[in-house]
Amino acid sequence: QVQLVESGGGLVQPGGSLRLSCATSGFTFSLYAMAWFRQTPGKEREFVAAVSWSGGNRYYADYLKGRFTISKDNTRNPVSLQMNSLKAEDTAVYYCAARRIWDDPMNPDGYDYWGQGTQVTVSS
């Protein structure tokens with residue numbers, strides 16, 4: 001049974017940091033590209049960051065401007081998302097996703113597996 005379980009969300013003040021993790025099981029982690037998406041009520045799921053199966057290629061949404069870092073180490077599980085300089089507009093549910101084919105990583109339709117999400121709230 002495939003599982004992706006996110007953790008590390010919570011409440012943080014503007015300018016603060018959080019590190020999200022996604023633990024996986026039920027598929028060969030080292031063969032899959034991984035990504036993070038986020039979603040707020042009434043909006044479509046939004047791409048945040050993706051990393052190739054090897055961990056060697058990373059892709060970020062333009063709006064992040066270098067504040068987030070995605071990491072994948074195939075000797076370890078999970079995949080992580082380090083989020084720095086957080087802003088109120090980063091408040092969302094963050095989802096981890098996995099895909100076998102490294103093609104168009106920004107498109108959520110191409111992902112094979114999804115986690116249940118973890119809430120991140122940035123507020124003073």
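The values are calculated or read from the model by the stated rules, or taken from the named source; none is laboratory data. For clarity, every value in this text was computed on a predicted model and none was experimentally measured. Please note: Cβ atoms are built from the backbone with ideal geometry, for glycine as well, and neighbour counts cover all protein chains shown. Each accessible area value is taken on the protein alone, full model and side chains, heavy atoms only, with ligands, DNA and RNA left out. Shrake-Rupley method; radii C 1.70, N 1.55, O 1.52, S 1.80 Å.
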Rounded to a whole number, what % of the accessible area of the stretch 70-124 do carbon and sulfur atoms account for, probe 1.4 Å?
43
Measure of size requested: the Rg and Dmax of the stretch 41-124, with Cα atoms as the atom set and Å as the unit; please supply both.
13.0, 40
Relative contact order (percent) for the chain, with alpha-carbon contacts under 8 angstrom and 6 or more residues of separation?
35
Extending each Cα 7 Å along its Cβ direction at SER124 and ARG19, get the distance between those two points in nm, one decimal.
2.7
Would you tally the net charge around TRP36, using a Cβ to Cβ cut-off of less than 14 Å, leaving TRP36 out, and scoring K and R as +1, D and E as -1?
+4
About its Cα centre, what dipole magnitude does the chain give when the only charges are +1 on Lys and Arg Cβ and -1 on Asp and Glu Cβ, stated in debye to the nearest 20?
300
